[in-house]
1. Within the set LYS74/LYS122; LYS26/LYS79; LYS72/LYS135; LYS63/LYS129; LYS88/LYS133; LYS65/LYS88, which residue pairs have Cα atoms separated by over 20 Å?
2. How compact and how long is the chain, expressed as Rg and Dmax of its alpha-carbon atoms in Å?
3. Residue separation times 0.36 nm, minus the C-alpha to C-alpha distance between ALA28 and LYS79: what's the value?
4. Starting from the Cα-Cα distance between ILE130 and PHE4, subtract it from 0.36 nm times their residue separation and give me the gain in nm to one decimal.
5. With just the Cα atoms defining each centre, how far is the range 1-39 from the range 71-112? Give it in Å.
6. By how many nm would the segment from GLU20 to LYS46 grow when fully extended, if each residue of separation counts as 0.36 nm and the alpha-carbon distance is taken off?
7. In the chain, with Lys and Arg counted as +1 and Asp and Glu as -1 at Cβ, which of these residues, PHE125, SER29, PHE10, has the Cα nearest the positive end of the dipole, that is, farthest along it?
8. To the nearest 20 Debye, how big is the dipole of the range 42-151 about its Cα centre, given +1 on the beta carbon of each Lys and Arg and -1 on that of each Asp and Glu?
Amino acid sequence: MPFFFSNNDFSVTGIDLSSEMIELAKKASVKSNFKIMDILTLDFQKASFDGIWASASLLHIPKNKITPVLQKLKEILIKDGILYISLKQGNGSELFTDIRYGGVDKYYVYYQLEEIENILKKIGFKILKIELKGKRTTYDTNSWIHIFCKNI
C-alpha cells in the first residue's frame, strides 16, 4: 500500500520490525521512507502524521497491549488526523501456522466490532466509517473489520 500513497504525492513513512520486510518495502516503494521499528515502542514526535494506515498490523498485538499502542498512534496523529485499522473478526487469539508462507508461525488476535469500537472511543477517536467484510477468497483465514476514525 505505501506505493499507492507515495504515487499519489503523499509523504510516506513505513515501519516494520523485520529488516527483511523493510528491504522488500524499499524496493516496492522507492519514494517512501522506511524504518525498522517496533510498534510497541514507536519513536515519533507528537502530531507527526496526518494519517496512519494500519492494515492487518495491529492484529498481531496482544489485547493487553492494544490500548497503549492505539494511544500512541493517537498521540503521533495531528488533531483531526485519520487512523485506518483492519483486524480479523473473531474471539481470542492464537498462534497460527500459516501454510500460505511455508509454515511460518503467526500470532493473531481476533476482535468483535463492539469490542474494538469501545477501545477506540475510550481513547478519544471518533469512528467515521466501519466496514465488515467476509472472507474474500480462500486466502483469507477470517472475516475482517475495517475502521476509519478521526483523532478528536
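1. Violating the 20 Å limit, Cα to Cα: LYS26/LYS79; LYS72/LYS135; LYS63/LYS129.
2. Calculated on Cα positions, Rg and Dmax stand at 15.5, 42 Å.
3. That works out to 15.3 nm of additional length.
4. Between ILE130 and PHE4, full extension yields an extra 43.2 nm.
5. The range 1-39 and the range 71-112 have Cα centres spaced 18 Å from each other.
6. Gain in length upon complete extension: 6.6 nm.
7. Positive-most Cα among the choices belongs to PHE125.
8. It comes to approximately 220 debye.
Any read-out appearing in this document is the output of simple, stated calculations on the displayed coordinates, not a laboratory observation. Owing to the predicted nature of the structure, the values given are computational and were not obtained by experimental measurement. Counting neighbours? That spans all protein chains shown, and the Cβs are built from the backbone with ideal geometry, glycine included.
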